[in-house]
Amino acid sequence: MVGRLDYPMFVVTAADGDEASACLAGFVTQCSIHPPRYLVCVSKENHTFPVAAAARGLGLHLLGADQHDLAAHFGELTGDRTDKLAGVAWRPGLTGVPVLEDCSAWVEGRVLGRVDVGDHVAHVVEPVDGGDGPFPGHLLFSQVTDLDPGHPA
């Protein structure tokens, strides 16, 4: 079944104090309608993980259909060696997380709770702000299978 699923791809951003980080993620989904909530899973192997684990909020950025290059930037580079937010247009959000200027749509939210779900930690996020970006459509997992991840999933 897993091989048949084709998730939209997101860039997840986090900030804790002076440290900010971001990663490519496919395990992001709405998990409640009323009240609105998102479930955001971050790999424990990812450089962004300890920042997200300590952050008050997370930014979720749906990538547009033609943003393969941005997916490669956030998916192939590792924050262990590279500041992935340098050279990328962003602004600080209400919770202090980086909000990317270039995406299809975005939501920023407060982290309400975290659950260890195996090789990822799931963060329950309550939206506080969001909007549309300038890129149409959405990029799917099947469109980024050529990427060489900076870390194993």
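The values are calculated or read from the model by the stated rules, or taken from the named source; none is laboratory data. Quick caveat, the model's predicted, so the values are computed rather than measured. We place every Cβ from the backbone using ideal geometry, glycine too, and count neighbours over all the protein chains shown.
Can you list the strands (runs of 3 or more DSSP E) found entirely within the range 1-44 that contain at least 1 residues being farther than 13 Å from residue 120 by Cβ and of a type in the set (Val, Ile, Thr)?
Filter on the range 1-44 gives 10-16.
With at pLDDT 95 or above and touching a Lys or Arg at 6+ places or on another chain (Cβ under 6 Å) as the only criterion, which of 121, 125 stands out? Full working, then the answer.
On the way: 125 fails: touching a Lys or Arg at 6+ places or on another chain (Cβ under 6 Å).
Within the list 121, 125, the selection yields 121.
Could you tell me how many of the residues in the range 45-66 are surrounded by 22 or more Cβ atoms within 10 Å (Cβ to Cβ), in a loop (DSSP other than H, G, I, E, B) and in contact (Cβ under 8 Å) with a residue 60 or more places away in the chain?
Looking only at that region, the number is 2.
Do we have any residue at all in the range 137-148 that's under 15 Å from the mean Cα position of the chain (by Cα) and not in a loop (DSSP other than H, G, I, E, B)?
yes
Being among the aliphatic types (A, V, I, L, M), over 18 Å from residue 18 (Cβ atoms) and in contact with a Gly (Cβ under 7 Å, 6 or more places away or on another chain) is the filter here, so list the residues in the range 58-99 that pass it.
Once the filter is applied, which keeps residues that are among the aliphatic types (A, V, I, L, M), over 18 Å from residue 18 (Cβ atoms) and in contact with a Gly (Cβ under 7 Å, 6 or more places away or on another chain), the range 58-99 yields 65, 77.
Being over 14 Å from the mean Cα position of the chain (by Cα) and free of Cβ contacts under 8 Å to residues at least 60 places away in the same chain is the filter here; which residues of the range 67-87 pass it?
Result: 69, 81, 82, 83, 86, 87.
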